Amino acid sequence: MTQIAPTLLSLLATGSLILAGCAQPSTNAPRRSRELFGTVDGKQVFLYALSNGKGMEARIMNYGGIVVALVVPDRAGKPGDIVLGYDSLSSYLKATPYFGAIVGRYGNRIGKARFTLDGKEYTLKANDGANTLHGGLKGFDKVVWEPDESTPPSDPVLKLKYVSPDGEEGYPGTLTATVTYTLTDSNELRIDYSATTDKPTVLNLTHHSYFNLAGAGNGDILSHEMMLNADRFTPIDSGLIPTGELKGVEGTPMDFRTPTAIGARINAKDDQLRYGRGYDHNWVLNRTGDGLSLAARVVAPASGRVMEVRTTQPGIQFYSGNFLDGTNIGKGGKAYAYRNGFCLETQHFPDSPNKPQFPSAVLRPGETFTSTTVYTFSTR
Ligand code: GLA
């Protein structure tokens, strides 16, 4: 394993790179570049830089499809990196709570690490007590994806592909997954997912960036105001597995229909918050039709940054960084402590393979799974 490029990353963190890159935007200017970041499993890992010429920049590597940095201007126009992560590939290989990764084959939990499909029981690798979490021991966050550079470098687009062998981590079917990251002219990070299989299987692809709209490493996220467009959520048991019920948020600390500071009720006496050690739940999105629909809006009052999440998925996991404990030393040497970042993971509901009443996460041969999630940034 070799590693390069921490200097570029620290330049990014301070904003100096993006300022230089934005001086004279021209339509044919390269908006995607790459540098070697290291090697894993004998395969090259590149760090790609996408820029939209409007002040936004994303750094994404083909190991785990990880968003390593996401630079977004604040209210005063000052760029800042708003996702948690590391300066070097070796740090990602040592320990990461899924910072910035593409999560699969099945994001979130499957109870007792097993499920039955078409009458046959499949046993998965358990990696979260008796349950399986985020694809198992070596999920899609820990594999090298194949980059497709067929789009011109003037497009801030990165397409990644991973072929997961039949039986990997216990899942049936060879699954071919593609994930396309696009930075749009409207300050959006768009993620398009697609997948096909050669045997019936289950699938739940999501993205696991930890956001801090005040800047990564700049304290906790408790003053961020959260809006979740959901009348219901899926309550969990003490092992964080959904009970199967869809419960109204009305009158509970899970009600984010009107913007509310994340910290306002997070320590309330409530069994759901106790099980999750804070927020670590799936909300059932209010939606009509199959298209992109508003799922969440987060406002960071001090920086003025606003993030909106739109998705085609039925659910969203809001995780308030409750397992962060300061042991992950991130970019620029900053430690990420308790609740220093939050995740909004658009998804099918956790444990759907064992919950026939939930929207189906089954994919069959001949079908193509597609989903899209768009993170839009602005200021106020
Ligand atoms: C998800 C899970 C959490 C936790 C984090 C990673 O959000 O729901 O329980 O596993 O990923 O630490």
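The values are calculated or read from the model by the stated rules, or taken from the named source; none is laboratory data. This is a predicted model, so every value here is computed, not measured. In this analysis, Cβ positions are derived from the backbone assuming ideal geometry, glycine residues included, and neighbour counts consider all displayed protein chains. Note: accessible area is taken over every heavy atom of the protein model, side chains too, but ligands, DNA and RNA are not part of it. Shrake-Rupley method; radii C 1.70, N 1.55, O 1.52, S 1.80 Å.
Residues that are in a helix (DSSP H, G or I), in contact with a Leu (Cβ under 9 Å, 6 or more places away or on another chain) and under 24 Å from Asn127 (Cβ atoms) occur in the stretch 170-177; there is at least one. The residue that is farthest from the ligand (Cβ to nearest atom), among those in the stretch 332-348 that are open to solvent by 10 Å² or more (accessible area, probe 1.4 Å) and either in contact with a strand residue (DSSP E or B) (Cβ under 7 Å, 6 or more places away or on another chain) or of a type in the set (Asp, Glu) (or both), is Ala335.
Taking the criterion of being away from the ligand (no atom under 16 Å from the Cβ), open to solvent by 70 Å² or more (accessible area, probe 1.4 Å) and either over 29 Å from Lys94 (Cβ atoms) or not in a strand (DSSP E or B) (or both), the residues of the stretch 128-152 that qualify are Glu149, Ser150. Among the residues of the stretch 72-91, those identified as surrounded by fewer than 17 Cβ atoms within 10 Å (Cβ to Cβ) and either at positive phi or not small (Gly, Ala, Ser) (or both) are Arg75, Gly77, Lys78. Might you check whether a residue that is under 19 Å from Asp185 (Cα atoms), open to solvent by 20 Å² or more (accessible area, probe 1.4 Å), modelled with pLDDT of 95 or more and part of a loop (DSSP other than H, G, I, E, B) occurs anywhere in the stretch 47-57? The answer is no, given that none of the residues of the stretch 47-57 is under 19 Å from Asp185 (Cα atoms), open to solvent by 20 Å² or more (accessible area, probe 1.4 Å), modelled with pLDDT of 95 or more and part of a loop (DSSP other than H, G, I, E, B). In a residue-by-residue description of the stretch 361-373, the property of being more than 16 Å from the ligand (Cβ to nearest atom), among the charged types (D, E, K, R), surrounded by fewer than 20 Cβ atoms within 10 Å (Cβ to Cβ) and under 17 Å from the mean Cα position of the chain (by Cα) applies to no position.
Any residue at all in the stretch 239-248 that's more than 16 Å from the ligand (Cβ to nearest atom), free of Cβ contacts under 8 Å to residues at least 12 places away in the same chain and either in contact with an Asp or Glu (Cβ under 9 Å, 6 or more places away or on another chain) or not in a loop (DSSP other than H, G, I, E, B) (or both)? No, the stretch 239-248 has no match at all. When Val309 is tested against the conditions (1) away from the ligand (no atom under 16 Å from the Cβ); (2) open to solvent by less than 40 Å² (accessible area, probe 1.4 Å); (3) not in a loop (DSSP other than H, G, I, E, B), the lone failure is (1). So, in the stretch 211-235, exactly how many residues are open to solvent by less than 10 Å² (accessible area, probe 1.4 Å) and either among the basic types (Lys, Arg) or not in a loop (DSSP other than H, G, I, E, B) (or both)? Going through the stretch 211-235 one residue at a time, the tally reaches 5. Residues in the stretch 104-117 that are away from the ligand (no atom under 16 Å from the Cβ) and open to solvent by 10 Å² or more (accessible area, probe 1.4 Å): Lys112, Arg114, Thr116, Leu117.
When each of Lys120, Lys125, Lys94 is tested for being without any contact (Cβ under 8 Å) to a residue 60 or more places away in the chain, open to solvent by 10 Å² or more (accessible area, probe 1.4 Å) and in contact with a Leu (Cβ under 9 Å, 6 or more places away or on another chain), the lone residue that passes is Lys125. The set of residues in the stretch 84-103 being assigned to a strand (DSSP E or B) and within 12 Å of the ligand (Cβ to nearest atom) consists of Ala101, Val103.
The C-beta contact set for the stretch 202-220 (first residue more than 30 Å from Asp351 (Cβ to Cβ), second residue of a type in the set (Gly, Ala, Ser) and within 13 Å of the ligand (Cβ to nearest atom), distance under 9 angstrom, 6+ apart or interchain) comprises Ala216/Gly341.
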